[in-house]
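The values are calculated or read from the model by the stated rules, or taken from the named source; none is laboratory data. These numbers come from a predicted model, not from an experiment. Don't worry about glycine lacking a Cβ; one is built from the backbone with ideal geometry, like all the others, and counts go over all protein chains shown.
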Amino acid sequence: MADLRDRTMLIAPTAGKAPDVVPVLLELRVDGAVSMRFGNTPQECAQASWLPYAGQHPWLLRGEATGDGTGQTYPMHSRQVWGEFRFADLSTTTIVATEGDRDESARVVFPPLRRTDARASDAVLRHGFDDGWPEHWATYWDVPHFGNVFWPLSVSPAGGVNDGGYAWVDDSRFLVDAPETPNTILWALVYWKWIVRGDLVAGRDEVSLRNTTLSVALRGDNIDLRGGSIYPWVENADGRWHRTAAALPVGSAWQTTSVLLADTPSEWTRTYDRNGTNPVLVLETVTSFGFSFLGFPRDDPPTGVVCLDDVVLRA
């Protein structure tokens, strides 16, 4: 087995600090390793799929808790990546790289989040997660006094619907969203701007989802909703609404559900009023959308892993 001095994992320089997901390149030197897996938390790494060992690996760092200008510090300011490496004798070693552990001679020479072609001719949006990337989907945190934090969803290359790729997130990345009532965890979201522009800066580009049919496949791995449910949600410049007319089912096997997104007020619950103006739902100006946990005790949030596949929005 290689000497510990022959095992390194460096993060190639990024374009700068931002609250949104940041693409980087992991520079690896782990002599004798035959396979590897990674995570932005140790729990994510422990549940990730094994990949063949290579000297470089594209990765997505979580967003940075940027602070509120008061000088307060937050323990998540230093972004880290956990890497586990397996050898031919089935032994393993784990290396943790922080954002400061950079190979200053390296450059990120790839766009790991390609300009998506997910807007298929027969749909407003279609995401199947078969290319190994989360296709702009992230888990959202709103940390009091420290701003927004986005955690990229994990992707497994097989095991999804029809044994294709799928996205997933574990409870190490669940956090109750501070300003929402009732208790809300936004475990999957995407901004329309991310889809149409291909960048990762939260913005206000809009899309009309009025009378759009949403189809999604969900699966839970040891998921415990703690009395809550999963719902689709939409956000515009005024607030966030969850379609609580019917919960999306989740179990140990993939289940595909389709719902019509109609602007019927009785079908929706507003959890966030951005400007304190008691706004009404307007589905013609949606800026972001995704899936949530809703209805659980604040001090006892859901646990386990929730998996996502075949997200289709069809007009």
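Can you pull out the strands (runs of 3 or more DSSP E) entirely within the stretch 220-315 that have at least 3 residues that are surrounded by 15 or more Cβ atoms within 10 Å (Cβ to Cβ) and among the aromatic types (F, W, Y)?
On the way: elements: 229-235, 239-243, 255-261, 268-273, 288-294, 303-314.
Output list reads 288-294.
Can you pull out every residue in the stretch 278-289 that is farther than 20 Å from P182 by Cβ and either modelled with pLDDT under 90 or touching a helix residue (DSSP H, G or I) at 6+ places or on another chain (Cβ under 9 Å) (or both)? Walk me through it before giving the result.
Here is the first cut: in the stretch 278-289, the ones farther than 20 Å from P182 by Cβ are 282-287.
Residues satisfying the conditions are V286, T287.
Can we say E284 is over 29 Å from E44 (Cβ atoms), without any contact (Cβ under 8 Å) to a residue 40 or more places away in the chain and in the same structural domain as D130 (by TED's automatic domain parsing)?
Values: over 29 Å from E44 (Cβ atoms): yes; without any contact (Cβ under 8 Å) to a residue 40 or more places away in the chain: no; in the same structural domain as D130 (by TED's automatic domain parsing): yes.
No; evaluated as a whole, the condition is false for this residue.
One line per residue, one yes/no per condition, for (1) buried (at least 21 other Cβ atoms within 10 Å of the Cβ); (2) at pLDDT below 90; (3) assigned by TED's automatic domain parsing to the domain that holds V155; (4) under 16 Å from W133 (Cα atoms):
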position	(1), (2), (3), (4)
D3	no, yes, no, no
A15	no, yes, no, no
V21	yes, yes, no, yes
V24	yes, yes, no, yes
A33	yes, no, no, no
G39	yes, no, no, yes
P42	no, no, no, no
Q47	no, no, no, no
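Does any residue in the stretch 116-134 that is charged (D, E, K, R) come within less than 6 Å, Cβ to Cβ, of a residue that is modelled with pLDDT under 80 and part of a loop (DSSP other than H, G, I, E, B) six or more places away or on a different chain, and which pairs are these?
R126/A118; R126/A120
How many residues are among the aromatic types (F, W, Y) and either touching a Gly at 6+ places or on another chain (Cβ under 7 Å) or not assigned by TED's automatic domain parsing to the domain that holds V190 (or both) when one looks only at the stretch 225-240? So that I can check it myself, show each step before the final result.
If we filter the stretch 225-240 for residues that are among the aromatic types (F, W, Y), which is where we start, we get 231, 233.
Retained after the next criterion (residues that are either touching a Gly at 6+ places or on another chain (Cβ under 7 Å) or not assigned by TED's automatic domain parsing to the domain that holds V190 (or both)): 233.
Adding up the residues that qualify gives 1.
Do we have L294 as at pLDDT 95 or above, among the aliphatic types (A, V, I, L, M) and in contact with a helix residue (DSSP H, G or I) (Cβ under 9 Å, 6 or more places away or on another chain) here? Step through it out loud before you land on a result.
Details: at pLDDT 95 or above: yes; among the aliphatic types (A, V, I, L, M): yes; in contact with a helix residue (DSSP H, G or I) (Cβ under 9 Å, 6 or more places away or on another chain): no.
Against the criterion (at pLDDT 95 or above, among the aliphatic types (A, V, I, L, M) and in contact with a helix residue (DSSP H, G or I) (Cβ under 9 Å, 6 or more places away or on another chain)), L294 does not qualify.
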